[in-house]
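Values quoted throughout were computed directly from the atomic coordinates according to the rules given, and no laboratory measurement underlies them. Not measured: the values here are computed from a predicted model. Using ideal geometry, Cβ is built from the backbone for each residue, glycine included, and neighbour counts are taken over all protein chains shown.
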């Protein structure tokens, strides 16, 4: 089985597209549509990388990123931020674990490039 990627995105269409793209490339994909449920989903799935949206129901992606950065189990996990909120980029630049910031709509090949690169740098 390939590397594990957790996709946290409140938009069902985007979530489906990302999941399809990653599975077609051989990744094992977990999904979560709600920021409030994301922490438990991440803890159970134990991904090698997270793709994170900013606008989520429950808890927004920025608040979730702060928690991920503070927890020993996830503080070094690479994160690709994928959002339609371009101005949020500056908020995420202070987190070293955020390896890429992409805006929607996205090109599947660009997403895979960022995921492959992040996992390669993380030792996978």
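Exposure proxy check: 36, 121 ranked by fewest other beta carbons within 10 Å?
121, 36
At 7 Å along Cα-to-Cβ for each site, give me the label-to-label distance between residue 94 and residue 40 in nm.
Simple spin-label model gives 3.0 nm for this pair.
Of the listed values (1) 27.9, 97; (2) 13.6, 40; (3) 12.7, 36, identify the label whose number matches Rg and Dmax of the Cα atoms in Å calculated from this model.
Read-out taken from this structure: (3).
So in the stretch 5-62, what percent of DSSP beta bridges are antiparallel if you round to the nearest 5?
Bridges in the stretch 5-62 that DSSP calls antiparallel: roughly 0 percent.
Would you mind calculating the gained length between residue 63 and residue 103 on full extension (0.36 nm times residue separation, minus the Cα-Cα distance), in nm to one decimal?
Gain in length upon complete extension: 12.5 nm.
Please report the spacing between the Cα centers of the stretch 102-124 and the stretch 16-51 in Å, no decimals.
Here the two parts' Cα centres lie 14 Å apart.
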